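Everything on this sheet refers to the single structure shown next.
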Amino acid sequence: MKKYNSTSDFYFSFFSAWKKIKLSFVLMLFALAILSCDNFVEVDLPNSQLTASTVFEEKTTANAAMTQVYSKMRDAGLFTGYSTGISNLLGNYTDELKFYGNTQEGPANFYNNVILPSNTSIKSLWNNSYNQIYGANAVLEGVTASVALSEFDRNQLKGEALFTRAFIHFYLAGLFGNIPYVTTTNYQLNKSISKEPSKEIYHHCIEDLKLAIQYLSASYVTPDRTRPNKYAAKALLSKILLYTEQWAEASNEASAVLNNTALYPFEGNLSKIFLKGSTSTIWQFSSNTPAGNTLEAQTFIFTAGPPPLSALSETLMGSFQPMDQRKTAWTTAVSNGIITWYYPSKYKNKGNGSSTEFSILLRLSELYLIRAEARTHNGDLTGGKEDLNKIRNTAGLTNTTAISKQEILQAILKERQLEFFTEFGHRFFDLKRFDAIDSVLLGSKPQWDSFKAILPIPESELILNTNLNPQNTGY
């Protein structure tokens with residue numbers, strides 16, 4: 001079979017006939033094209049270069065191209081709710097989950113902290129992510145070249161593509177450290193692209209997001225919040241500014257979202273936060289079927305013990321204070337009469353009869369805790385505690401007793417553990433940021449070592465592109 005440099009090379013090779021093909025059929029072919037690509041640096045001379053295609057002459061098909069990228073993010077790679085996504089893998093890698101499944105499965109290697117460069121899960125995360133980045137770049141190039149789209153539609157799609165590109169690169173850098181920042185679909189350039197330091201990756205993300213904010217509409221273009229708006233870009237920008245220790249800027253961007261109470265009234269009912277209509281949701285994935293729900297529910301929910309895959313760890317369950325209502329609202333016990341296990345039940349609907357839950361990637365609680373941390377680092381201890389207490393009080397807890405800067409920061413880390421468990425690797429990234437990953441995991445994970453805070457680059461990538469060398473230290 002002919003190999004393509006990216007999903008987009010295949011995707012656009014048949015766009016000249018787009019208007020003669022029904023949209024549903026084209027989207028099916030697009031999905032198959034993505035699945036057929038083994039590697040983002042696999043190259044062969046494509047049938048055509050990425051130029052202004054007829055797909056971007058119409059609003060409907062241009063939007064479909066962008067929403068297909070979101071569909072692929074939901075179904076494969078870093079952000080999928082399946083067991084192959086980072087919500088499950090990093091939950092096992094840290095201290096959130098205990099693994100009970102087949103020892104030959106990918107999550108077992110994460111739970112045991114024995115990830116090798118040949119690991120197929122690592123290869124899948126890497127390749128799916130870069131194929132999705134290619135999709136975003138394809139949309140960006142297509143809408144930029146389009147003369148048929150309205151200025152509003154062109155800007156909205158450019159903003160969404162830039163946002164998506166930054167979103168994926170940000171997580172890749174958090175996992176793999178130094179990586180390539182891919183901004184084109186030109187296979188001649190990308191087949192020999194080099195890594196950049198993670199701090200440069202974050203800088204590129206910030207620049208992309210600043211552009212995205214200029215392009216994106218303040219309102220949502222769909223009522224279900226499945227396509228990002230200006231405030232989703234500001235939320236992600238706030239997060240990256242926090243990671244780069246730009247405290248004042250991170251606080252300001254978080255405030256820009258939190259202060260828009262007309263669009264984002266805070267949802268204080270724990271049982272409603274993860275419903276698809278929650279007003280605290282900033283950005284979410286739709287379900288993969290019209291009457292479906294989340295892939296997370298399919299992955300995490302079990303009804304009999306021992307668990308078929310993973311259960312919440314004793315460490316996490318023991319971290320809830322007696323009055324913390326999140327334990328009741330967001331975890332569920334399963335017992336065989338002798339042993340009791342718990343699974344994360346933020347998402348509760350595993351069926352397909354009625355769609356009540358979507359997979360939430362950005363929500364207001366994170367913005368409060370981002371601002372709490374940024375304010376505290378910047379010396380505003382009172383403001384930091386106010387934001388921290390917003391989340392604590394919602395969980396049924398009293399105000400924090402922390403007084404000093406260091407005490408407040410540790411209280412924030414603790415709150416993040418209990419607020420974001422099994423959500424896209426928050427715990428892993430937080431422990432790294434707080435320089436606490438060794439002190440926490442060395443005591444609970446027998447095969448943990450400091451170098452494992454960065455995952456290995458897939459060995460297949462190093463063979464295909466020697467400019468990605470050297471391998472990360474320790475591997």
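The values are calculated or read from the model by the stated rules, or taken from the named source; none is laboratory data. Note that this is a predicted model, so its numbers are computed, not measured. Virtual Cβ from ideal backbone geometry, glycine too; neighbours counted across all protein chains shown.
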Taking the options A304, A329, name whichever one is touching a Leu at 6+ places or on another chain (Cβ under 7 Å), farther than 20 Å from T80 by Cβ, outside any strand (DSSP E or B) and free of Cβ contacts under 8 Å to residues at least 60 places away in the same chain. A329
Would you confirm whether or not the range 426-436 contains a residue that is surrounded by 21 or more Cβ atoms within 10 Å (Cβ to Cβ) and closer than 20 Å to N119 by Cβ? yes
The lone exception for P458 - which of (1) surrounded by 21 or more Cβ atoms within 10 Å (Cβ to Cβ); (2) farther than 30 Å from K191 by Cβ; (3) not polar (S, T, N, Q) it fails: (2)
Looking for something more than 18 Å from W283 (Cα to Cα), of a type outside the set (S, T, N, Q), buried (at least 21 other Cβ atoms within 10 Å of the Cβ) and at pLDDT below 95 - is there at least one such residue anywhere in the range 190-208? no
Please tell me if S355 is surrounded by fewer than 21 Cβ atoms within 10 Å (Cβ to Cβ) and more than 24 Å from F434 (Cα to Cα). yes
Being within 30 Å of Q325 (Cα to Cα) and polar (S, T, N, Q) is the filter here; which residues of the range 216-251 pass it? T226, S238, S251
Write out, first by first residue and then by second, each pair whose Cβ atoms fall under 7 Å of each other, whose residues are 6+ apart or on separate chains, and whose first residue, in the range 93-120, is in contact (Cβ under 8 Å) with a residue 40 or more places away in the chain while the second is of a type in the set (K, R). T94/R427; E96/R427; N113/K445; N113/K452
Based on what the data block shows, is E267 in contact with a Leu (Cβ under 9 Å, 6 or more places away or on another chain), without any contact (Cβ under 8 Å) to a residue 24 or more places away in the chain, more than 17 Å from E96 (Cα to Cα) and acidic (D, E)? no
Looking only at the range 335-360, count every residue that is over 22 Å from G85 (Cβ atoms) and of a type in the set (A, V, I, L, M) and tell me the total. 2
Those residues of the range 235-263 which are charged (D, E, K, R) and either assigned to a loop (DSSP other than H, G, I, E, B) or under 21 Å from the mean Cα position of the chain (by Cα) (or both), in sequence order: K239, E245, E253
Checking A148 against (1) over 23 Å from the mean Cα position of the chain (by Cα); (2) among the small types (G, A, S); (3) part of a helix (DSSP H, G or I), the condition it does not meet: (3)
From the list P344, P307, P290, P322, pick out the single residue that is at pLDDT below 95 and on the phi < 0 side of the Ramachandran plot. P290
Starting from the range 373-393, keep only residues that are on the phi > 0 side of the Ramachandran plot and among the hydrophobic types (A, V, I, L, M, F, W, C), then list their pairs with residues that are modelled with pLDDT of 95 or more and crowded, with 18+ Cβ neighbours inside 10 Å whose Cβ atoms are within a distance under 6 Å, requiring at least 6 positions of separation or different chains. none
